[in-house]
Each structure stands twice: as structure tokens, then as C-alpha cells.
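The values are calculated or read from the model by the stated rules, or taken from the named source; none is laboratory data. This one's a predicted model, so the numbers in the text were calculated from it and none came from an experiment. Don't worry about glycine lacking a Cβ; one is built from the backbone with ideal geometry, like all the others, and counts go over all protein chains shown. The protein model used for the area step is the full one, side chains on, heavy atoms only, and it has no ligands, DNA or RNA in it. Shrake-Rupley method; radii C 1.70, N 1.55, O 1.52, S 1.80 Å.
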Amino acid sequence: MTYLVDRSGSAPELIKDLLDSLPAEFADSDEVEQLARAAKDAINYVAFDKIAFEPVGVALVAGGAAPVSRLLVIAVREPHRRRGVATALLARIHEDLVADSVAVLEVAPGELAKQAAGFLAASGFAPDVTGNLRKAV
């Protein structure tokens, strides 16, 4: 299946809807609300199923101290997991960060780093001395 990844403006309701579909161990309702609010200030990426044109994945990226940006969340609806959605989201993020002259994408220690540890490691993220996962762009 192929996916279209759109870099959109603020989409907190769409972000909340996608995050609400996650298992409870990934994000509780307070975390979902917090991430939905963060979507207003972050760069929003939404992956759409090209056939049904429904949103199936989301990522939020916050600009940090230049030249570092932070991946706040990357999440994919259950039936679309392990089908390349997160990889497509990360590829689009990487493309945009290169265009924006960002040198490093990082993930803070926390639920995202725990839940997606295998995916992040396979995608080239490695821990730094502060415990953040980092990847050169």
C-alpha cells in the first residue's frame, strides 16, 4: 500500500483523533490532549492512505535550538502498522529538515523512545550522552 505524507498547518483535532486510536500503554488521555495542544506549535505531518484517502499516521516535529529539531510523536493506526507508514513519515520529515538546514533530529527519553525503540534504532537514531536519541539529517 502506498501513502501520501502531507506537511500541514495546525491540525490538533486530526492529531487527537489519530492519537486516540493508540493503545492505552502508548498515551493516556492526558498525554493525547497535551500532544494535541502541542500540534498547534509543532510542524504536523499526516500520512494518508492513497486509496481511501483517510489519515492513518501522524508525526509532530518541534523546532529546537537550531540546528536541532525534536520528534514529539510518530504514531500509526493499528491496521496500517508495519506497512511503511512511519517510514514514509520519517522520510518526509528528513526531506523537510534538509531543506530547512536542520542538522539533527532528536527524540527525548520517554514513551515515544520506549514504544518505538526498535523502529528508531533501525532508522538510524542512537543515544547521546544526555539520553536523547539523535539522528544526523
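Inside region 26-43, can you point out the residues that are surrounded by 18 or more Cβ atoms within 10 Å (Cβ to Cβ) and free of Cβ contacts under 8 Å to residues at least 24 places away in the same chain?
Once the filter is applied, which keeps residues that are surrounded by 18 or more Cβ atoms within 10 Å (Cβ to Cβ) and free of Cβ contacts under 8 Å to residues at least 24 places away in the same chain, region 26-43 yields only Val32.
Kindly indicate whether Ile51 is aliphatic (A, V, I, L, M) and either open to solvent by 60 Å² or more (accessible area, probe 1.4 Å) or in a loop (DSSP other than H, G, I, E, B) (or both). So that I can check it myself, show each step before the final result.
On the way: aliphatic (A, V, I, L, M): yes; either open to solvent by 60 Å² or more (accessible area, probe 1.4 Å) or in a loop (DSSP other than H, G, I, E, B) (or both): yes.
Here the answer is yes, as Ile51 does meet what is asked.
Could you check Ser123 against (1) under 25 Å from Gln34 (Cβ atoms); (2) over 12 Å from the mean Cα position of the chain (by Cα); (3) modelled with pLDDT under 90; (4) of a type in the set (Gly, Ala, Ser) and say which number it fails?
Only one criterion is unmet by Ser123, namely (3).
Which numbered condition trips up Ile93, out of (1) out of contact with any His (no Cβ under 9 Å at 6 or more places or on another chain); (2) at pLDDT 90 or above; (3) over 22 Å from Leu14 (Cα atoms)?
Just one mismatch for Ile93, condition (3).
Residue check: is Pro67 over 12 Å from Tyr45 (Cα atoms), open to solvent by 20 Å² or more (accessible area, probe 1.4 Å) and without any contact (Cβ under 8 Å) to a residue 24 or more places away in the chain?
Details: over 12 Å from Tyr45 (Cα atoms): yes; open to solvent by 20 Å² or more (accessible area, probe 1.4 Å): yes; without any contact (Cβ under 8 Å) to a residue 24 or more places away in the chain: no.
No.
Identify, from the list Val73, Val85, Val102, the residue that is under 21 Å from Lys40 (Cα atoms) and within 15 Å of the chain's Cα centre (by Cα). So that I can check it myself, show each step before the final result.
Values: Val85 fails: under 21 Å from Lys40 (Cα atoms); Val102 fails: within 15 Å of the chain's Cα centre (by Cα).
From the options Val73, Val85, Val102, the qualifying one is Val73.
Within region 20-43, does at least one residue satisfy the condition of being at pLDDT 85 or above, in a strand (DSSP E or B) and within 19 Å of Arg134 (Cα to Cα)?
Pass one, region 20-43, residues at pLDDT 85 or above: 43.
The next check asks that each one be in a strand (DSSP E or B); those that pass are 43.
Next, only the ones that are within 19 Å of Arg134 (Cα to Cα) stay: 43.
The answer is yes; a qualifying residue exists.
Evaluate the following for Val46: is it buried (at least 16 other Cβ atoms within 10 Å of the Cβ), at pLDDT 85 or above and not basic (Lys, Arg)?
On the way: buried (at least 16 other Cβ atoms within 10 Å of the Cβ): yes; at pLDDT 85 or above: yes; not basic (Lys, Arg): yes.
So Val46 fits the description; yes.
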